[in-house]
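Below: one structure, written as structure tokens.
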Amino acid sequence: MFGEINFPGQHDDEQVILFLRRHWFIFLRRLIFVILSIIVLALVYVFFNFLGSGFAQTDYYNLLLFAESLGTLFIWNLFFILWIDFYLDAWIVTNERIINISQKGFFNRDISELRLTKIQDVTSEIVGFVPTILGYGNIYVQTAAETERFTFHQIPDPNEVKNIIVQLQEKERKSEEREMGQAVRGEL
């Protein structure tokens, strides 16, 4: 399904099974906040323009334009940060491991990986009315490793993703057991 996706550090025979980002509704909620901020800036400008015809010739008008420009710049930066956070946070599930890419701000990215054979438990969680209707939620992958819990935040169809991860984990565990048995018997 996602065989055409390649990423740095990908093994030769590793296949991408799932490439996940947060649900689109999460970005839409943030986008609505940005749009409301733009509307407030426009309403402030319109209010002060209709306040009086002489307002445009005062020094306060220039101060208003300066504040509006700063507000617009702040809103564009906020939009860009929200888009970067949404677009660059990703989870890649392959036939060998899970890779968690977490973007924090402009210049900070954490990349963690977890081999499927190290998974002890996978839990999906959908909490709330809107997540239930739209079908998004969290997945918690429990391990015994240094990073005890991988969390997939607000991804689409978490129950299906959980089932795929469990199936891949079981398949990888059986493959590892088969290879270990062949090594013990001296067949390799």
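Would you be able to say whether some residue in segment 143-154 is surrounded by 13 or more Cβ atoms within 10 Å (Cβ to Cβ) and in a helix (DSSP H, G or I)?
no
Quick one: which residue in R115, R109 is at pLDDT below 95, more than 24 Å from F86 (Cα to Cα) and of a type in the set (K, R)?
Going through R115, R109 in turn, the sole match is R115.
Among the numbered conditions (1) under 22 Å from I17 (Cβ atoms); (2) in contact (Cβ under 8 Å) with a residue 24 or more places away in the chain; (3) not in a helix (DSSP H, G or I), tell me where I101 comes up short.
(2)
Would you mind stating whether G135 is surrounded by fewer than 14 Cβ atoms within 10 Å (Cβ to Cβ), in the same structural domain as E176 (by TED's automatic domain parsing) and on the phi > 0 side of the Ramachandran plot?
So G135 does not fit the description; no.
Looking for something of a type in the set (G, A, S) and not assigned by TED's automatic domain parsing to the domain that holds H153 - is there at least one such residue anywhere in segment 93-109?
no
Mind checking whether some residue in segment 52-75 is in contact with a Phe, Trp or Tyr (Cβ under 6 Å, 6 or more places away or on another chain), under 30 Å from A144 (Cβ atoms) and surrounded by 12 or more Cβ atoms within 10 Å (Cβ to Cβ)?
So far as segment 52-75 goes, no, none of its residues is in contact with a Phe, Trp or Tyr (Cβ under 6 Å, 6 or more places away or on another chain), under 30 Å from A144 (Cβ atoms) and surrounded by 12 or more Cβ atoms within 10 Å (Cβ to Cβ).
So which residues in segment 89-103 are farther than 14 Å from H153 by Cα and not aliphatic (A, V, I, L, M), if there are any at all?
Scanning segment 89-103 gives T94, N95, E96, R97.
Please go through (1) crowded, with 16+ Cβ neighbours inside 10 Å; (2) at positive phi for G128 and return the number of the only condition it doesn't satisfy.
So G128 meets the others, but not (1).
Looking at segment 1-27 only, could you name the residues that are aliphatic (A, V, I, L, M) and exposed (fewer than 10 other Cβ atoms within 10 Å of the Cβ)?
Passing the criteria: only M1.
Looking at segment 157-188, which of the residues that are touching a residue at least 12 places away in the same chain (Cβ under 8 Å) and within 20 Å of the chain's Cα centre (by Cα) is farthest from I139 (Cα to Cα)?
Top of the filtered list is I164.
The values are calculated or read from the model by the stated rules, or taken from the named source; none is laboratory data. A quick note: this is a predicted structure, and the numbers were derived from the prediction, not measured. With ideal geometry, Cβ positions are generated from the backbone for all residues, glycine too; neighbour counts draw on all protein chains shown.
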